[in-house]
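Input: a single structure, listed below in structure tokens.
The values are calculated or read from the model by the stated rules, or taken from the named source; none is laboratory data. Source: prediction; values computed, not measured. Glycine gets a Cβ as well: all are built from the backbone with ideal geometry, and neighbour counts include every protein chain shown. Ligands, DNA and RNA are stripped out before the accessible areas are found, and what is left, the full protein with its side chains, is counted by its heavy atoms. Shrake-Rupley method; radii C 1.70, N 1.55, O 1.52, S 1.80 Å.
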Amino acid sequence: MMLSKLETVPYEDLVKAGNEAILKLFGPRKPGSKTMFGFAPSADGQVLLQQPFSPGFAEISKDVPLLIGTTLNELIKTAYDEKDLSMEQARSRLTKIYGEDTNQFIRLYEKTYPDFTPQDLLSVDTVFRPGTIMAADARTKQESAPVYTYFLAWKSPEDGATKGSFHGLDIPLAFNNIDLKPEWTGTTKEAYDLADKMSSAWLNFAKTGNPNVEGKLPDWEPYSIDNGETMIFNEKCRIVNNHDRELMSFIISK
């Protein structure tokens, strides 16, 4: 079939054919796993020069500062609607994933997030966060432009605080337009304050390549593999160092 004829194929038919091809090649798409994704751009050497950081970053972007980060839960199906979930129930479910290493996972999670809940244990991002650490590490090895990393730990208060810190929650905060998406962030003073801090950092980064905001955020040093400097955006913003590297290394080893 001529490529031009693709323009005449209904969108629904293209999606159906694509999903069938993905199923045949990679198996069922499972939310919250590495098989969750559908179509992705292919490097052709012209429009997309190469994959983002494999091998290394493109030469044309070597001097461009990078701001990269994730939310606590991303696209993981969370357990925050299970208000009465017990630690024993969470452990039982985790055993199906981590088996005899379940206690080690819980210890590492507690080390990373001391104030965790049973719901948190079942809602950890196992896809985006490990990839973000890998990307930040790879970019830092070029030593040609600074990398700044962030982590949105703040959870949406909407729908009875059942949403968690989901994929895209950082967008209305970083663009300071939460009034356009109040069902995501709510309109509390806390939400507006966080939007002010995050958007100020994003503006400074866009202007100067540096997200520091004097008087609003702690000093934000560029990321390094040894120290893993990461800005935690929450009710109280703070800098942590490689706070979840051990946890994420454990997760990707499974």
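Brief remarks on what is shown
- In this Cβ point-charge picture (+1 for Lys and Arg, -1 for Asp and Glu), the chain has a dipole of about 540 debye about its Cα centre.
- Solvent-accessible surface of the stretch 107-247, taken per residue with a 1.4 Å probe and all protein chains present: 48 Å².
- log10 of Debye I(q)/I(0), alpha-carbon scatterers only, for the chain at 0.16 Å⁻¹: -1.35
- The stretch 215-254 and the stretch 66-145 have Cα centres separated by 13 Å.
- Share of alpha-carbon pairs per 10 Å distance bin for the stretch 70-218, given as whole %: 10, 33, 34, 19, 5
- Carbon and sulfur %, accessible surface of the chain computed with the full protein complex present, 1.4 Å: 55
- Ranked by how many other beta carbons lie within 10 Å on average, peptides 200-211, 19-30, 118-129 from highest: 118-129, 200-211, 19-30
- The residue list 233, 187, 128 was ranked by how far each Cα lies along the charge dipole of the stretch 127-254 toward its positive end, using unit charges on Cβ atoms, and 128 comes out on top.
- Percent RCO, i.e. relative contact order, over the stretch 65-144, from Cα pairs under 8 Å lying at least 6 residues apart: 49
- D_trans [Stokes-Einstein, Kirkwood Rh over alpha-carbon pairs] for the stretch 93-140, 4 °C, 1.567 mPa s, µm² s⁻¹: 107
- Length-normalised contact order of the chain in % [C-alpha pairs under 8 Å, at least 6 apart]: 20
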